[in-house]
Amino acid sequence: MEIDSEWFESDLWVGKEQYRAVLNELYFSWTEIDKKKRERKSVSVPLSEFIGVEEGRVEILPQRKVEETERHFTVFTVKRSRGGRGSTGLWTVGRTQFCCNGQDLRDHWVRHLRTALRKHGASRPRRLLVFINPFGGKQRGRQIYQSLVAPLFELAGISAHVVVTEKANQARDHILKKDLTGFDGVVCVGGDGMFSELLHGVIGRTQQEAGLSEHDPAVTLQPCNLHIGIIPAGSTDCVCFATVGVNDPVTSTLHIIIGDSQPLDVCSVHHLNKLVRYSVSLVGYGFYGDVLAESERHRWMGPLRYDYSGCLVYLSNRSYAGMVHFLPADPQLSSPRDNTRCLSGCRVCSESTERLFPQSDSSSQYSQDSSQSEGEWVSTEGRFRCVSLTCMSSSCPRSPLGLSPSAHLADGTGDLILVRDTHPLGFLTYLHRHTTTEDQFDLPFVEVHRVKAVRFSLPPGEEESEGEEEGEKVMEGGDCKAEQEGERGGGACRSISRQYLTSGGKQRGINNHKKRDFLCVPCCSRAPSVSVWNCDGEILPYTEILCRVHGQLVRLFARGIEDGAGTRPFTGGNRKCKGRCVLHT
Ligand SMILES: Nc1ncnc2c1ncn2[C@@H]1O[C@H](COP(=O)(O)OP(=O)(O)OP(=O)(O)O)[C@@H](O)[C@H]1O
Ligand SMILES: CCCCCCCCCCCCC/C=C/[C@@H](O)[C@H](CO)NC(=O)CCCCC
Ligand SMILES: [Ca+2]
């Protein structure tokens, strides 16, 4: 019966059917024995997708139930859930209860499966530090963790140290300052803001330990070892959606358990040679900055605040003057308009690993290449509806293909999208195309560039002066004469940037940059001449910034979007790509 330590096989029963079950070094499979049947049922589970084995007849979700029997064991595996139109990227827990012809055989199976799992799971996390934001999204973080995540971690033998946060930036500071010995990763239960805390903690700590300055935009930062997991429980959950394909706590938990690893580009944002923040999703000026600033006044609405604020800001019909300088990426490697999608196992991203870390094999990646010449900067100026830089597609449930559908998660570049001033209907068309498969870049007032760095400055005469923002005289909402007289430009008269007050509510952000309210100032009868930057859902306190993309700086417990998962394939217009980042001609 026992061939060697890797192999094990015997007859087993699942319900009333008899199966031949085989365990080898890669798979656990079972095939129906009934010779009369033409099509015999056969299931094969790669050990990489095996979660755990328990004695008896056991259920884990929605509640743990155990029926202790001598002849049964239950295996738990990753199961891809198929929606009506094929795979959705949603993973569930597959459960199969096996019956043996005696306790000895049962014990053998349990022992062999556990040994195989231990051997195979060397790269899986064993100890995790989990931060729960009890106030994110619909305020269900704690419940999501207790009912869906913790039981699966226990089944998989993962021990978790859980911190329920009491204030903003607690998770970031914990990672920066506390002893993290023994942890294989950090996990947040919350939204993009919580993810951002972990991102800043992990990057900051890694640079501290490497003795590198985060402020110098020219410094090649040290890639981070500690993986980050995201259990989505926020309002947008863009980072989770864009790296997993779906916002589902069980799917994300399973990616963490099996130790998936997805490298991610990170953009550092600087002002006058000081680090302001890191971003993985959106650094956006104009519309997206205004929507965020407006939405802070309506936090009580929960996730709906973005839709409401989006309408108000759209109606206010603003554009802003600015100068954009950018450093183009090598156009031979990829293009934001090549109609490809970055999917799990993406070729462009894998080739980037070799380019970004040339002397490395896949296991050691810490000799980054800084020898390549920087290239020529390009400048453009004008009035913009929005200026957006995104290191990944930034897809989310609101926009299933995202801000830049062909952007890559880990290619060391970002996509710069310039939407020049246009008539309101034109801009509405641009926004609407985020929600469909129509090409949002195929509009005469939109440009997109794949870049390594971006600098934004105000036109001559409007430059930002040091310390200006702190001393600004600000009026309380309602004091504004123009507002009282109804001069609201179709929406909000609230001017932005350098015209905020510190919010009395929830504060987010690093370096104690405070979230500020969007209040009336005496000059608000005119349309504001400056907007604010939205940096992954956080308002930046500066207008003139320099952004630099750091290729594959962090790693997530994820694998990118599996083919056909989550977002719809391109079907409209000239977008027909369903492939793995291959060019369709
Ligand atoms: N206990 C806490 N009290 C107040 N704020 C907190 C607490 N814990 C975390 N935060 C802050 O709350 C902010 C928002 O949280 P989170 O990102 O989880 O939810 P969200 O804003 O609803 O979702 P999204 O960011 O996806 O839009 C985070 O930036 C985080 O810094
Ligand atoms: C006529 C229909 C018009 C519909 C327009 C829909 C446009 C949707 C574009 C979605 C872009 C998402 C960009 C991601 C931003 C996140 O990093 C950030 C943090 O969670 N979210 C916001 O700033 C929240 C702010 C989101 C702004 C919409
Ligand atoms: Ca990228």
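Each of F456, F287 was scored by other Cβ atoms within 10 Å of its Cβ. Listed from fewest to most, they are F456, F287. Loop-located GluC sites (Glu not before Pro) in segment 130-233 (DSSP state not H, G, I, E or B) with no more than 14 neighbouring Cβ atoms inside 10 Å: E166. Among G382, F326, P263, whose Cα sits farthest toward the positive end of the charge dipole of segment 261-401 (+1 at Cβ of Lys/Arg, -1 at Cβ of Asp/Glu, about the Cα centre)? Positive-end residue among those listed: G382. With the simple spin-label model, which puts each label point 7 Å out from Cα in the Cβ direction, the K167 to R82 separation comes to 5.3 nm.
When the square roots of the Cα gyration tensor eigenvalues are ordered a ≥ b ≥ c, the ratio a/c for segment 47-184 is 1.5 or more and a/b exceeds b/c, which makes its shape prolate. Relative contact order for segment 8-120: 23 percent, from Cα pairs under 8 Å spaced at least 6 residues apart, divided by residue count.
Over all other residues within a Cβ to Cβ distance under 12 Å of I545, the charged ones net out to +2, with Lys and Arg as +1 and Asp and Glu as -1. The trypsin sites (Lys or Arg not before Pro) of segment 49-153 that meet both conditions, a loop assignment by DSSP and at most 11 other Cβ atoms within 10 Å of the site Cβ, are R85. Can you give the FRET efficiency for E154 and N225, using 1/(1 + (r/R0)^6), R0 = 35 Å, r = Cβ-Cβ distance, to the nearest 0.05? Efficiency for this residue pair is about 0.85. With an a/c value under 1.5 for the gyration tensor axes a ≥ b ≥ c computed over the alpha-carbon atoms, segment 8-120 is described as rounded.
Of the options T77, N101, L90, report the single residue whose Cα projects farthest towards the positive end of the charge dipole of segment 53-112 (beta-carbon charges: Lys, Arg +1; Asp, Glu -1). Ranked along the dipole, the leading option is L90. Computed extension length for Q143-Q332: 63.2 nm, one decimal, from 0.36 nm per residue of separation with the Cα-Cα distance subtracted.
Sorted fewest first by neighbouring Cβ atoms within 10 angstrom, L61, L117 come out as L61, L117. How far is it, in nm, from the label point at R38 to the one at S379 when both lie 7 Å from their Cα along the line to the Cβ? With each label placed 7 Å out from Cα toward Cβ, I get 7.5 nm. Placing +1 on the Cβ of every Lys and Arg and -1 on the Cβ of every Asp and Glu, with no other charges, gives segment 8-120 a dipole of roughly 560 debye about its Cα centre. How much net charge surrounds D184 when only the other residues with a Cβ under 12 Å from the Cβ of D184 are counted, with Lys and Arg +1 and Asp and Glu -1? Result for the neighbourhood of D184: +4. In terms of other Cβ atoms within 10 Å, F76, F241 run from fewest to most in the order F76, F241.
In segment 8-120, a dipole from Cβ-located charges (positive for Lys and Arg, negative for Asp and Glu) runs towards its positive end, and of G56, L23, I33 it is I33 whose Cα lies farthest in that direction.
May I ask which of K138/K167; K41/K79; K16/K119; K178/K274 have a Cα-Cα span longer than 20 Å here?
The answer is K16/K119; K178/K274.
What separates the Cα centres of segment 318-362 and segment 389-458 is a distance of 14 Å.
Every read-out reported here was derived from the displayed coordinates using simple, explicitly stated rules and does not represent laboratory data. From a predicted model like this one, the values you see are computed outputs, not experimental measurements. Glycine gets a Cβ as well: all are built from the backbone with ideal geometry, and neighbour counts include every protein chain shown.
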